[in-house]
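Data block below; observations after.
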Amino acid sequence: MKFDTPAGTNPIDQGKVVGRPTPRIDGPLKTSGRAPYAYERHDVAENAAYGVIVHAGIAKGRLNALHLDEAKAAPGVVTIVTADTAGKLGKGNMNTAKLLGGPEIDHYHQAIALVVAETFEQARAAANLVRADYARGQGKYDLEAALPGAPPVPDPNANDGKGPKIDKVGDFERFFASAPVKLDQKYTTPDQSHAMMEPFATIAAWKGDELTVWTSNQMINWTKGDLAKTLGLPKEKVRLDSPYVGGGFGGKLFLRADAVMAALGARQAGRPVKVTIARPMMANNATHRPATIQRIRIGCDKDGTITAIAHESGSGDLPGGGPETAVSQTKLLYAGAHRMTAMKLAVLDLPEGNAMRAPGEAPGLMALEIAMDEMAEKLGMDPVQFRIKNDTMVDPEKPERKFSQRHLVQCLNDGAQRFGWSRRNAKPAQVRDGRWLVGMGVASGFRNNMNQKSAARVGIDKQGMVTVATDMTDIGTGTYTIVAQTAAEMMGVPIDSVNVLLGDSSFPVSAGSGGQWGGNSSTAGVYAACMKLREAVAQKLGFNATDVTFANGKVTSGNRSADLKDAAGLSAEETMEYGDLAKQYQQSTFAGHFVEVGVDAYTGEIRIRRMLAVCDAGRIINPTSARSQVIGAMTMGVGAALMEELAVDKRFGFFVNHDLATYEVPVHADIPHQEVVFLDYPDDTTSPMKAKGVGELGLCGVGAAIANAIYNATGVRVRDYPITLEKHL
Ligand code: MOS
């Protein structure tokens, strides 16, 4: 089914199930510990041996020798995999660095061996006996030092990365120079780690030349392809199964070392092998969000009209990697006739930089939305009003392209009213509550909506149960539930008559979970399959397909009715594909983020007091799970603003605080009060679901709203994240 004209009225619009707050159907399984995660699949691999990875102790250079004798002689050891025993390996499309290093070492904690033993303890003890001789190379680890010589790179998100290296509209330099009010500031964001709850984990088993991996992954089809490519297998010889995923945040978009090493270990051991990447190895072994150094210039007329806006961002990555696209939102968020955005990419020998929740917009807005606050202050304008004044209903770079819908002004106005913004004192450091300096901050939230082709299979059984199968993943987002809601609405059955099967690569290929495209795209695929199934049901039961209704387990046309279960045995598979509506219309999501903080006047300690997000993200399929997405994202925004930072060892090239004891993230006690409001305007250009992404939107802008609240509380402007207390004392 191709979606190429705006959606008309369709069965989803009934809103009997879709759009209703619905508790997650997988909740009881998860909270009672009965949902098996990858490392716990004892059911599929009873005789599995345990693999423990040996990680490189240098960031760059050569592995001259691996001394394995002691490890091989250790109790319980079955086999040891190294680059020498693994044979020739390919590299996946989505991987920058090799997942098994040697003899070249590309980054710190790269996997260099896998010790397989009868028990986990034996494998870990033997792995500690492996000795490596290295020739340490000269690496580059300092972004600030590397950026001046770094080349400009095109935006990989625009024109398939083939666009200009500097995007320009009008004459920024001239109009910035002549602007009566202007700002020119530098903002920095640090390297960040996904730090999802469930570590990378895989059990691999071979049957002849066929490989099955039970793993934890966001994008089944990408990863299946990359695993096949890495091992030199035809894609159809590889099966992935990932029904439950304990968080990903972009860290599990791609094939990682656990899956490759488990597959190699199982091949060499001749039996299933399970491998996890230990928590302290995740930050340097896997990907992270790269640090940025950003420069923003804004020129305004005295009435607050932006006339010139420029955003430049520099980041680093391993050779062959990409930039953190922190300028994306600045192309689209505010009006302004004269514009410029550019990115620089330095080669760094730190671990691989790649997507982390809302790549681009999340760190980009942390800078842009402080700049907007600073500019409002220079203009003597309220920061809500300054943003509203520069709202635009068209793409500012291509004014002939309209936003499909855009309610940013309503997000800001509703939010201001609900939050009590009128009580804010525009002059900083005026409001006291005992020992606390109190401040309020605002930021706009922005994240693009992307649609991805997605397929599903839907069938009916003798009990009238509807079963949906798709390789879509639920990474803690609520996919099981929205897929069930969609099928229930379409087939006219209660939600507990829908059985949802996810995450298996033998199911139809879905959009997967990434870039906040999963919700709208995967349910649109289910919609397409249900449409096809409805036709098949109507035909089988002798109804006219055009005036048939599906409700309460019955199929009705005119005064004739039949049970849905009379169509038992029927199933349909269909793919939702997209035409160019997303090119005709700019599809984006918007938010107004409001935060109140307290700053201890004596110690500088910062505490969040209240947070509010008003979100404009199309139809909200499930307000319960969407809210959970947004409050989780807001919490991540608190981490980004106040705590999260991978500390770089610039001599040896690794992240020093690579565990959860030292990489700080917020806990419940850091988050006293969060409120989420959805405007819930269906967008008929996105899909028949009329939904959009919502999860990443919840993060975008939060960091700056907190930074702006801290400034309002203290009068000290910090432009370097995280805002730890020594920076504003
Ligand atoms: Mo998201 S960073 O695309 O999982």
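Helix-derived [θ] at 222 nm for the chain: sum -39500 (n - 2.57) over DSSP H runs of at least 4, divide by residue count, nearest 500?
-7000 deg cm²/dmol
Can you give the % of DSSP beta bridges in segment 274-353 that are antiparallel, to the nearest 5?
Numbers: 8 of 19 bridges.
Counting DSSP beta bridges with both partners in segment 274-353, the antiparallel share is about 40 percent.
Can you bin the chain into rounded, prolate or oblate? Criterion: square roots of the alpha carbon gyration tensor eigenvalues sorted a ≥ b ≥ c, rounded for a/c under 1.5, prolate for a/b above b/c, oblate for the rest. Show your work: numbers first, answer last.
Values: a/c = 1.77, a/b = 1.07, b/c = 1.66.
Taking the square roots of the gyration eigenvalues as a ≥ b ≥ c, the chain is oblate.
Can you list the residues, at least 5 places off or on another chain, whose amide H is less than 5 Å from the amide H of Gly19, using H built in the peptide plane?
Asn622
Looking at segment 405-508, send over the antiparallel percent of its DSSP beta bridges, to the nearest 5.
Here the share of antiparallel DSSP bridges comes out near 55 percent.
Based only on other Cβ atoms within 10 Å, what is the fewest-to-most ordering of Met340, Met282, Met1?
Arranged by neighbour count, lowest to highest, Met340, Met282, Met1 become Met1, Met340, Met282.
Can you list the residues, at least 5 places off or on another chain, whose amide H is less than 5 Å from the amide H of Val44, using H built in the peptide plane?
none
Which entries in Lys2/Lys162; Lys16/Lys402; Lys16/Lys690 show an alpha-carbon gap greater than 22 Å?
Lys2/Lys162; Lys16/Lys402
So if I take the centroid of the Cα atoms in segment 551-606 and the same for segment 93-172, what is the distance between those two points in Å?
When both Cα centres are located, 36 Å separates them.
Based on the Cβ-Cβ distance of His67 and Lys650, what FRET efficiency does E = 1/(1 + (r/R0)^6) give at R0 = 25 Å, to the nearest 0.05?
0.25
By how many nm would the segment from Thr662 to Arg124 grow when fully extended, if each residue of separation counts as 0.36 nm and the alpha-carbon distance is taken off?
Value of the extension gain: 191.4 nm.
If a paramagnetic tag sat 7 Å from the Cα of Asp600 along the Cα-Cβ line, which residues of segment 630-656 would have the backbone N under 11 Å from that point?
Output list for this probe position: empty.
Please enumerate, by chain and number, the lysines with C-alpha under 25 Å from the C-alpha of Lys207, excluding those fewer than 8 residues away in the same chain.
List returned: Lys88, Lys91, Lys224, Lys229, Lys235, Lys237, Lys274.
Write down Rg/Rh for segment 542-631, rounded to two decimals, with Rg from the C-alpha atoms and Rh from the Kirkwood relation over Cα pairs.
Ratio of gyration radius to Kirkwood radius for segment 542-631: 1.27.
Suppose every Lys and Arg Cβ carries +1 and every Asp and Glu Cβ carries -1, with no other charges. What dipole size does segment 571-729 come out with about its Cα centre, to the nearest 20 debye?
My answer is approximately 460 debye.
If you find the alpha carbon centre of segment 643-667 and of segment 203-252, how far apart are they in angstrom?
For segment 643-667 versus segment 203-252, the Cα centre distance is 29 Å.
What's the FRET efficiency of Asp580 with Leu729 using the Cβ-Cβ distance as r and R₀ = 41 Å, to the nearest 0.05?
Between Asp580 and Leu729 the formula returns 0.15.
Can you tell me the length gained on complete extension of the stretch Asp461 to Lys402, counting 0.36 nm per residue apart and subtracting the Cα distance?
Stretched out fully, the Asp461 to Lys402 stretch lengthens by 16.7 nm.
Quick query: amide H of Lys554 versus all other amide H atoms, modeled in the peptide plane; which residues come in under 5 Å with a sequence gap of 5 or more or a different chain?
Leu564
In whole angstrom, how far apart do the alpha carbon centroids of segment 439-456 and segment 42-60 sit?
36
Mind giving me the FRET efficiency for Ala35 and His673? R0 is 25 Å, r the Cβ-Cβ distance, nearest 0.05 is fine.
Numbers: r = 30 Å, r/R0 = 1.20.
Result of the calculation: an efficiency of 0.25.
Where does each of Ser178, Ser32 land when they are ranked from fewest to most other beta-carbon atoms within 10 angstrom?
Final ranking by Cβ density, sparse to dense: Ser32, Ser178.
What lysines sit close enough to Lys378 to cross-link, taking a C-alpha to C-alpha distance under 20 Å and skipping anything fewer than 8 places away on the same chain?
Leaving aside lysines fewer than 8 places away in the same chain, those within reach of Lys378 are Lys182, Lys186, Lys302, Lys389, Lys427.
If each of Arg418 and Glu173 carries a label point 7 Å out from its Cα toward its Cβ, how far apart are those two points in nm?
Taking the two extended label points, one gets 4.6 nm.
Can you put Thr325, Thr467 in order of Cβ neighbours within 10 angstrom, beginning with the fewest?
Fewest-to-most Cβ neighbours within 10 Å comes out as Thr467, Thr325.
Rounding to the nearest 20 debye, state how big the charge dipole of segment 374-446 is about its Cα centre with +1 on each Lys and Arg Cβ and -1 on each Asp and Glu Cβ.
Working: 13 positive and 9 negative charges, 49 e Å.
The calculation lands at about 240 debye.
Laboratory data are not the source of any read-out in this text; all were calculated from the coordinates shown. Since we're looking at a predicted model, the values are computed, not measured. So basically every Cβ, Gly included, is an ideal-geometry build from the backbone, and we count neighbours across all protein chains shown.
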